[in-house]
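Presented below is the structure to which this report refers.
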Amino acid sequence: SEEGREIRRAFIPKEGYTLLACDYSQIELRIMAELSGDAGLREAFIHGEDIHTATAARVFGVDKADVTREMRSKAKMVNFGIIYGISAFGLSQRLGIPRKEAAKIIEQYRANYPGVQDYLDSTIEFAQKNEFVETITGRRRYIRDINARNQMVRSGAERNAINAPIQGTAADMIKIAMIAIQKLLEERNAKTKLLLQVHDELVFDLALDEAAELIPLIEERMKSAIPMEIPILVESGTGTNWLEAH
């Protein structure tokens, strides 16, 4: 929003420095591709395709060149919604479309990305048996309500079971990267400072004379924090305030 952009504009570096923002690109979808092993998702990321355009082409049965802005927008909502266990009702509410149309879109998604559905089913099954799920690093989230008799409680637990390994792995990844980057800065006695983490983004006070050397090294630490087959993309920007940098 305009207000949000103005808030970002308010954050500035200290004198003689610039702000550097390094952002993981679509990290949760990439982790979903890694965990599920789905061939379609993997292919899109490995070939550097726009994942929402690729999904729209598959779901709506058109060539990528014929994907409209509206199709891409719907596919984007489904891509991220699947991570949170979205229902046809939930998707219809978000997109402002009839429930039947939303159900058809989800059905098409499942047909085109069968590995994702297999992952969702096996994750819920594992959670029901063990009452926990794990991130790639082995960190657990216990889900006690996964076998609850109350359907609403159980459905919420199932959504948590699906989401926790994905969001949890993303959280692990950026924390591991932060430790590696701090070590890097200390080893080089760098003037640059890691300021904060915001979701999938790290923000730095960047010394201008260190920019050329440090930015590629910081990106490399972020990309290699958790080794994965799916390529990890980090987008970096600099500016005189956080809005410019992001």
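The values are calculated or read from the model by the stated rules, or taken from the named source; none is laboratory data. None of these values were measured; they are calculated from a predicted model. Cβ atoms come from the backbone with ideal geometry, glycine included; neighbour counts cover every protein chain shown. Protein only, heavy atoms only, side chains kept; ligands, DNA and RNA dropped before computing areas. Shrake-Rupley method; radii C 1.70, N 1.55, O 1.52, S 1.80 Å.
Hey, can you tell me all the residues within the stretch 2-34 that are in a helix (DSSP H, G or I) and under 13 Å from the mean Cα position of the chain (by Cα)? I'd like the intermediate steps shown before the answer.
Just the residues of the stretch 2-34 that are in a helix (DSSP H, G or I), to begin with: 2-9, 27-34.
Matches in the stretch 2-34: Ile27, Glu28, Leu29, Arg30, Ile31, Met32, Ala33, Glu34.
Specify the residue that is nearest to Met173 (Cα to Cα); the eligible residues are those in the stretch 13-52 that are touching a strand residue (DSSP E or B) at 6+ places or on another chain (Cβ under 7 Å) and of a type in the set (A, V, I, L, M). Before you say what the answer is, go through the steps one by one.
Just the residues of the stretch 13-52 that are touching a strand residue (DSSP E or B) at 6+ places or on another chain (Cβ under 7 Å), to begin with: 13-14, 17-25.
Still in the list and also of a type in the set (A, V, I, L, M): 19-21.
Values: Leu19: 22, Leu20: 19, Ala21: 17 Å.
Ranking the qualifying residues of the stretch 13-52, first place goes to Ala21.
Among strands (runs of 3 or more DSSP E) lying entirely in the stretch 156-245, which contain 2 or more residues that are open to solvent by less than 20 Å² (accessible area, probe 1.4 Å) and at pLDDT 95 or above?
On the way: elements: 193-198, 201-207, 234-239.
Result: 201-207, 234-239.
Tell me which of these Gly16 doesn't satisfy, since it passes every other one: (1) more than 27 Å from Ala212 (Cα to Cα); (2) touching a helix residue (DSSP H, G or I) at 6+ places or on another chain (Cβ under 8 Å); (3) open to solvent by 40 Å² or more (accessible area, probe 1.4 Å).
Only one criterion in (1) more than 27 Å from Ala212 (Cα to Cα); (2) touching a helix residue (DSSP H, G or I) at 6+ places or on another chain (Cβ under 8 Å); (3) open to solvent by 40 Å² or more (accessible area, probe 1.4 Å) is unmet by Gly16, namely (1).
Can Glu210 be described as over 23 Å from Val116 (Cβ atoms) and of a type outside the set (Gly, Ala, Ser)?
So Glu210 passes the test.
Do you know which residues across the stretch 130-147 are without any contact (Cβ under 8 Å) to a residue 24 or more places away in the chain, open to solvent by less than 40 Å² (accessible area, probe 1.4 Å) and not in a strand (DSSP E or B)?
Gly138, Ile143, Ile146
Just a yes or no: is a residue in the stretch 104-121 without any contact (Cβ under 8 Å) to a residue 24 or more places away in the chain and farther than 19 Å from Ser36 by Cβ? Steps first, please.
Taking the stretch 104-121 and keeping what is without any contact (Cβ under 8 Å) to a residue 24 or more places away in the chain, we get 104, 107, 110-111, 117, 121.
In the following step, the residues that additionally are farther than 19 Å from Ser36 by Cβ were identified as 104.
Yes, because at least one residue in the stretch 104-121 is without any contact (Cβ under 8 Å) to a residue 24 or more places away in the chain and farther than 19 Å from Ser36 by Cβ.
Out of all the residues in the stretch 147-185, which are charged (D, E, K, R) and closer than 22 Å to Gly81 by Cβ?
Applying the first criterion (charged (D, E, K, R)) to the stretch 147-185 yields 149, 154, 158-159, 172, 175, 183.
Matches in the stretch 147-185: Arg154, Glu158, Arg159.
Would you mind telling me which numbered condition in (1) assigned to a helix (DSSP H, G or I); (2) of a type in the set (A, V, I, L, M); (3) touching a residue at least 60 places away in the same chain (Cβ under 8 Å) Val153 fails?
The one condition Val153 does not meet is (3).
Of all residues in the stretch 54-70, count the ones that are under 17 Å from Ala111 (Cα atoms) and either outside any loop (DSSP other than H, G, I, E, B) or open to solvent by less than 60 Å² (accessible area, probe 1.4 Å) (or both).
Looking only at that region, the number is 8.
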